[in-house]
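Structure first, then comments.
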Amino acid sequence: MLQINKLNAQVEDKQILHDLSLNIKAGEVHAIMGPNGSGKSTLGNVLTGRDGYDVLSGDITFNGKNLLEMGIEERAREGMFLAFQYPVEIPGVSNMEFLKAAVDARRKHQGLEELSSFDFMKLARDTSKQVSLDPSFLKRGVNEGFSGGEKKRNEIMQMMLLEPSLCILDETDSGLDIDALQVVASGVNAMRSSDRSFIVVTHYQRLLDFIVPDYVHVLAGGKIVKSGDKELAKELEAKGYGWLESEVA
Amino acid sequence: MSTSVTPAAEFHQHALALAAAQSAALAQQDNSPAWMTTLREQGAADFARTAWPGRKTEQWKYTSLQAFQDFVAADWGAAPEVGSEVVTDAPSGADTDTDAVGNTVLSLDATRLVFVDGVLDMLASDALPAGVTLFSQADADADKIIADHLGKIAGGVDASRRNLFAMLNNAWTCDGLLLHVPRGVTLERPLYIAHVSSAGAGQPAALATVANHRVLIVMEEGSGAQVIEHFVGSGAGQPAFVNALTEIQLGNNAQLHHTRLNMEDEALSHVGAVHLNLHRDSRFHGFTIAEGSRLKRIDYQMNHCGRGADLKLDGVYLARHRQLVDYHTTIEHRVPHCTSQEVFRGIIGDRAKAVFNGRIHIHKDAQKTLAELNNRNLLTSNAAEVDTKPELEIYADDVRCAHGATISQLDETALYYLQSRGISPSQARVMLSFGFINELLQGLPHEAIRTALGTHLAALFAADRALVSDVGYSDQQAIDSESV
């Protein structure tokens, strides 16, 4: 699904990622944990191709294609999805209009016909109910005036509608109460399948009680310093990140 | 008058000559009312002694009147006959093409009146409803209402701030439209007034069209109405000059929803104003939109005259190519407990220019005033320009007054967000640009206008080179210099 090979990347002339390698197979869930500033969010932004996140060396293959040659929207159409840590508010653009444009773009890329407005509306309403978001949110501006939890649920709704092959959740659990967290987690779990992979970036082990990962990686100083199974997350929870940083140093 | 023959002086001469020719024609008719003679003479005298605005005239600092060169070079046609009713092909027929709000009269669920170059087009119009009359056909009662208000509302402006073109409008007034809504009456249907400029259609190229529009709305106590004024170009591409003045009197507790759409095309110059007096507990909700042309200057002069009056004005301006749009708004808070809320948004692209000047004047007795003014501008090209100036003069000490003005480009984070969902950069830019003004469109009470404007603007943005270019939004300057 995704192979990252010796990735070096910088943001505003400061190198953040150092020789990062990661191999994710179809159907796997990888958690990436680490202290603040370790490069977790940078990884998500590099993968989606955001401006200002420059790859210095290394390569990334996504579904057999060279990811680094693709534009932001091409990566999305190919099936990459980033659930934002801080979803953007766009007043004046309705959520429905936005979701339809996104789904149309993805379907067109897949050689499918665009959904009619009627069919899409029905699909969007059904999906919004799955993430416990009132369908009235579809008429509002994108994320406009949404609470933190509503924004995160809107991200999961987009993920469900777009049916990506690789989902990156960037600290989707941050700032969520336990109810919202369960909604988000059950949305993710409902989407787990043998042909879909997840990268779950989180600061806290709590999320991994609900979304149980196949692998856990610890990112520190821009590189993966330790990998393991879900037990590693519990160890981190108990000991903090300090012991790893000193172990690496 | 100056002896050197500058374009300005020539325009002055032409303008006064036209006024004199009209006066001579009017004098031959028996029915020309006394108030009209007074208004015209006063207007011509005021206009004759007022200097042509230059760069040093504060009110015109950022707006050049160069476009008036066209009207100096062109031959001006004779004044239309007073009270004449033209029979033309309906300017666009009754059919409505919602993709082209700029040169099409809309089909709305409203009483429709179509004026072509200032003259009522009977074929394209509905019958005049109760309370609506042409100045030239006014009965004694209507004549008195006109005499009491016409020129008085616009004339209430401080001498130093009086608008040259309002004076000229007075000097050129041959006819106009009165809407009088009696006490306690609410108009069942909105009144839709289309002002069409034929822009020399069917005339020799050298003949410029000059149109003088005048509307007077007098709302008595407790009355209510919705009025839409739509300025439409012909698409003929000939230079035309429109001077359109609307005066509105809102009696105690009256309410008016007033929409003014200025969608004339490139070749047309428009100088217009809305003057408004709000009396006790009256409410005004205005919406205005202007698409650029070689010159568009629109003034809103709003006066709170009675306690508890409430005013809301939303505005949108869009300028592209080398167009110019200039909005000047003034709110005079003269009495206590009034509110005003103004929100203007503009999108300026290519080498176009926009000017927004929002003045709020809170007099010393106007305690407990609540005034808000917000102006946001989006530049879609490096060569676009906007001059925005909030102007606050506050002499009362117990008021709440907030103002803000911003100039920005499209939000990079929002662009990234849309692209990260598979939406192309060009579509994302169009969506964000439309979204920027869509919030204000949503406040319009007429579904049909929202739809027509929405469709029209979406097409406009989709045709915007800067937005849909794949070269990249930030490289716009390079594109501009290539194309020039």
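Key figures for this structure:
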{"item": "Relative packing of B:300-310, B:180-190, which averages over residues the other C-beta atoms within 10 Å, highest first", "result": "B:300-310, B:180-190"}
{"item": "Kirkwood-type radius of the protein assembly as shown, with distances r between different C-alpha atoms, in Å", "result": "28.9"}
{"item": "Cross-link reach list, aspartates and glutamates versus A:K239, counting only Cα pairs under 15 Å and skipping chain neighbours closer than eight places", "result": "A:E231, A:E247"}
{"item": "Per-residue ³J(HN,Hα) for segment B:447-456, Karplus 6.51 cos²θ - 1.76 cosθ + 1.60, θ = phi - 60°, Hz, x for Gly and Pro", "result": "3, 5, 6, 4, 5, 4, 5, x, 5, 4"}
{"item": "Nonlocal amide H pairs with B:V386, under 5 Å, H built at 1.01 Å", "result": "B:A354"}
{"item": "Solvent-accessible surface (1.4 angstrom probe) belonging to A:E235, in square angstrom, nearest 10", "result": "70"}
{"item": "Residues with amide H under 5 Å from that of B:V114, placed H, sequence gap 5 or more", "result": "B:D121, B:S125, B:D126, B:A194"}
{"item": "Chain B - percent relative contact order, Cα under 8 Å, separation 6 or more", "result": "10"}
{"item": "Helical contribution to [θ] at 222 nm, DSSP H n ≥ 4, -39,500 (n - 2.57), averaged over chain A, rounded to 500", "result": "-11000 deg cm²/dmol"}
{"item": "Counted charge near A:I32, where neighbours are those whose Cβ lies closer than 12 Å (Asp, Glu -1; Lys, Arg +1)", "result": "+1"}
{"item": "Solvent accessible area, Å² - A:Y53, 1.4 Å probe, full protein context", "result": "60"}
{"item": "Rg in Å to one decimal, and Dmax rounded to a whole Å, for segment B:262-302 via C-alpha atoms", "result": "13.1, 42"}
{"item": "q = 0.19 Å⁻¹: log10 I(q)/I(0) that the Debye formula gives for segment A:110-249, counting C-alpha atoms only", "result": "-1.14"}
{"item": "Other protein chain Cβ atoms within 10 Å, averaged over every residue that makes up A:42-48", "result": "1"}
{"item": "Ratio of Rg to Rh over segment A:35-146 (Cα coordinates, Kirkwood Rh, two decimals)", "result": "1.02"}
{"item": "Accessible area of A:L2 in the full protein assembly, 1.4 Å probe (Å², nearest 10)", "result": "0"}
{"item": "Cβ-placed point charges (K, R +1; D, E -1), dipole of chain B about Cα centre in debye, nearest 20", "result": "1160"}
{"item": "Unsatisfied cross-links (Cα-Cα over 21 Å) in the set B:K312/B:K389; A:K129/A:K234; A:K14/A:K152; A:K108/A:K151", "result": "A:K129/A:K234; A:K14/A:K152; A:K108/A:K151"}
{"item": "Rh (Kirkwood; distinct C-alpha pairs) - chain A, Å", "result": "18.6"}
{"item": "Candidate residues B:K152, A:K234, A:K151: accessible-area rank, largest first, probe 1.4 Å", "result": "B:K152, A:K234, A:K151"}
{"item": "Coil-residue GluC sites (Glu not before Pro) of segment A:50-136, DSSP, other Cβ within 10 Å capped at 10", "result": "A:E113"}
{"item": "For B:435-447, mean number of other protein chain Cβ atoms within 10 Å", "result": "2"}
{"item": "Reachable aspartates and glutamates from A:K223, criterion Cα separation under 12 angstrom, eight or more residues apart if same chain", "result": "A:D19, A:E245"}
{"item": "Centroid-to-centroid separation of segment B:374-451 and segment A:152-213 [C-alpha atoms, Å]", "result": "34"}
{"item": "Dipole of segment B:388-446 [Lys/Arg +1, Asp/Glu -1 at C-beta], most positive-end residue of B:I437, B:V399, B:S426", "result": "B:S426"}
{"item": "Farthest toward positive dipole pole in segment A:128-249 [+1 Lys/Arg, -1 Asp/Glu at C-beta], among A:L244, A:P164, A:S174", "result": "A:P164"}
{"item": "Of all DSSP beta bridges in the protein assembly as shown, antiparallel share, percent nearest 5", "result": "15"}
{"item": "Sequence of B:S282, B:S198 from largest to smallest accessible area, 1.4 Å probe", "result": "B:S198, B:S282"}
{"item": "From phi via Karplus (6.51, -1.76, 1.60), per-residue ³J(HN,Hα) for segment A:83-90 in Hz, x at Gly/Pro", "result": "7, 5, 5, 10, x, 8, 8, 10"}
{"item": "Per-residue mean of C-beta atoms belonging to partner chains within 10 Å, peptide A:88-97", "result": "6"}
{"item": "Segment B:230-271, relative contact order in percent, only Cα pairs under 8 angstrom and at least six apart counted", "result": "69"}
{"item": "Cα-based reach from B:K368 at 16 Å (exclusive), listing aspartates and glutamates while leaving out same-chain residues under 8 positions away", "result": "B:D281, B:D310, B:E332, B:E393, B:D397, B:D398"}
{"item": "Where B:H258, A:H109 fall by accessible area, highest first, once all protein chains stay in place (1.4 Å)", "result": "A:H109, B:H258"}
{"item": "Charge dipole magnitude, Cβ of K and R +1, D and E -1 - segment B:268-350, Cα centre, debye nearest 20", "result": "80"}
{"item": "Calculated P(r) tail over 38 Å for chain B, as whole % of Cα pairs", "result": "22"}
{"item": "Fraction of antiparallel bridges per DSSP, chain B only, in percent to nearest 5", "result": "5"}
{"item": "Net charge dipole size for the protein assembly as shown [Lys, Arg +1 and Asp, Glu -1 on Cβ; Debye, nearest 20]", "result": "1000"}
{"item": "Where trypsin sites (Lys or Arg not before Pro) fall in DSSP loop in segment A:71-145, at most 15 other Cβ within 10 Å", "result": "A:K139"}
{"item": "Residue-averaged 222 nm ellipticity for chain B, from DSSP H runs of 4+ at -39500 (n - 2.57), nearest 500", "result": "-7000 deg cm²/dmol"}
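The values are calculated or read from the model by the stated rules, or taken from the named source; none is laboratory data. Predicted model only: the values in this text are computed from it and were never measured. FYI the Cβ positions are ideal-geometry reconstructions off the backbone, even for glycines, and counts take in every protein chain you see. Ligands, DNA and RNA are excluded from the accessible area calculation, which covers all protein heavy atoms including side chains. Shrake-Rupley method; radii C 1.70, N 1.55, O 1.52, S 1.80 Å.
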